[in-house]
């Protein structure tokens, strides 16, 4: 039985006389299969696939190279970009394939080598996995890219701006403002060469062993045996049929590789929430306007003023000429949850004193309460409620958005739209608005924008900047958001006199900075956040410097979190008070080329233990951030569970008792201040009581510190901001 099975699988053996007479005929398939196995195994050491991401902030592009078992290149930077559109990190893909790739390559090479000992049609089956492996690699890669691109995180910052997509495995692709170029590399071509050599080896294999098969068949027919009996006999026989032709095999391979995954044709229905609209808030005595407003807009002369009487107008209103539209009493524009409520397509339009509500809720269409598509628009003293997106400006430069109250629709935060969104709208002012329960306040590709005296509460990103230059953020109150403000890929920004408080989301940044060139962060309050300020990749060349001056970091879990790439940054006159961790470093490495004092004046650190013998307000010894506990927490974040417990106290006591275990200082402040520096704070508008509570908590904490220290606080700047010319209280 064993002999029959062996003969059925391995085929006829070559007689010694025949082998000696035609040595090259039988050696060529073996040599070719050895070459194919060598190429396949050697491909493991080479790059199989490469991709370049072309982004505006990376003129040379970002590059990633894929080996069978790992990814190399700018993976971290690409993951950071993908984070904002909700795509998972690249290294989370194909983990099983990458971990088993070495064993798989060795197994495929062994199968190819073993095929040289098989003289039957089974040799085709044995080498088929190696032959199909290059196509299988591309199919597997395509499936992973499809899975990642079609399953974006709906809570990501840019989830509404990028629809699900499938990055191409080969060629060019476009995602938003980014372009990708993908191609196979040396390793894949080596595997393809191995497949070509396998094809040649099979042809020579058939040429060498088919005569033996034919001879065995002829002997079986003469002996009256059936082909099945001939295959099972002990004689050197071969299968009844010859090795199948290679053309059908190649055709199947091409068809299989070109097939790709089946795409779902059924679309997920979008639920219309119109049935759940908020009840009308119309005042008693108001009536539905007797005729549609759109004809009045069409009949109005450009530049004229339209005064609307109290009442309700339903449906979308389009303003296509320069007009000043204002309300006389309570005027409600109700979109009936269909599309945009108010769309402005002409320049020089003013909208004043309206209640705008009930925009559509189809998240793939970005329905707005007010959508502005032309420059020099003024939107003032309006109330927007139950809207998906609040006020959106697209290529609407020189506009003003002032003193509006915006409340998003009652949706999960992942389904909400942006309260205020600026896209390519330069020289715009956003001032004195109250924004609540939306997703973000977004400014993209807009230069010389002023964001002043706004309150953003209960949202995801209080402010989110991308590709904006020469902008000013001042005197805003951003509280109870997942992130206070996140600024990315911009130059020459000024952030001053803002309150960024109680940001407790997954990242929980009061202020996040990513690839910012020349930012000034001055006289802000960071209170009660998970991380007061997060700094990643500031200026890389001189003379550009980022500057942090006169800020208060109070009661944050981490005061300032640095990336080790932080360089050319100046910190002076800041006060870091009772943060769980004053400063921390993420990602390993060390801080270099930063200055924590300037002109003999450093920062105030509430955990500084030095003295001031001269009485000049400067500590005699440098402040060193060298906490052993902080060092351990940086390496093992789970240890934060034991913050303010006896375990932390024991670790710190051991560090003081045995200086040898102290870690290397994270930073050194050569001129630490002995007293906190009180900064100029924004006076919140009367409707925003949260900012007052934050300010009161900050002052109470500082007063308690001063009393416990037995010395008064020295206010270097006034507690309230100066009144602007013409401003009223």
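Here, each number is a calculation from the coordinates, and none is a lab measurement. Remember, it's a predicted structure, so these values are computed and weren't measured experimentally. Reconstructed Cβ throughout: ideal geometry from the backbone, glycine too, with neighbour counts over all protein chains shown.
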query = Where does each of 70-76, 322-328 land if you order them by average Cβ count within 10 Å, highest first?
reply = 322-328, 70-76
query = Order of 516, 618, 406 from fewest to most other C-beta atoms within 10 Å?
reply = 618, 516, 406
Ranking of 307, 184, 372, 519 by count of other Cβ atoms within 10 Å, fewest first = 307, 184, 519, 372
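Note the full-extension length gain between residue 565 and residue 24 as 0.36 nm times their separation in residues minus their Cα-Cα distance, in nm to one decimal.
188.5 nm
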note = Subtracting the Cα-Cα distance of residue 31 and residue 321 from 0.36 nm times their residue separation yields 96.3 nm
Protection proxy ranking of 168-174, 376-382, 29-35 - average other beta-carbon atoms within 10 Å, highest first = 376-382, 29-35, 168-174
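Seen from all sides and averaged, what is the projected area of the convex hull of the Cα atoms in the range 298-586, in nm²?
On the way: hull surface 58.0 nm².
Directional mean of the projected Cα hull area for the range 298-586 stands at 14.5 nm².
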query = What list do you get for 391, 531, 85, 118 if you sort them by fewest beta carbons within 10 Å?
reply = 118, 85, 531, 391
task = Report the relative contact order of the range 31-77, percent, no decimals, based on alpha-carbon pairs under 8 angstrom and at least 6 residues apart.
result = 28
request  = Just need the relative contact order of the range 298-586 here, percent rounded to a whole number, with Cα pairs under 8 Å and 6+ apart.
outcome  = 8
remark   = Extension length gain for residue 373 and residue 183 (0.36 nm per residue less Cα distance), in nm, is 64.5 nm
remark   = Rounded to 0.05, the calculated FRET efficiency for the beta carbons of residue 590 and residue 91 at R₀ = 30 Å is 0.75
inquiry  = Quick check: the distance between the Cα centres of the range 182-203 and the range 28-83, to the nearest angstrom?
reply    = 16
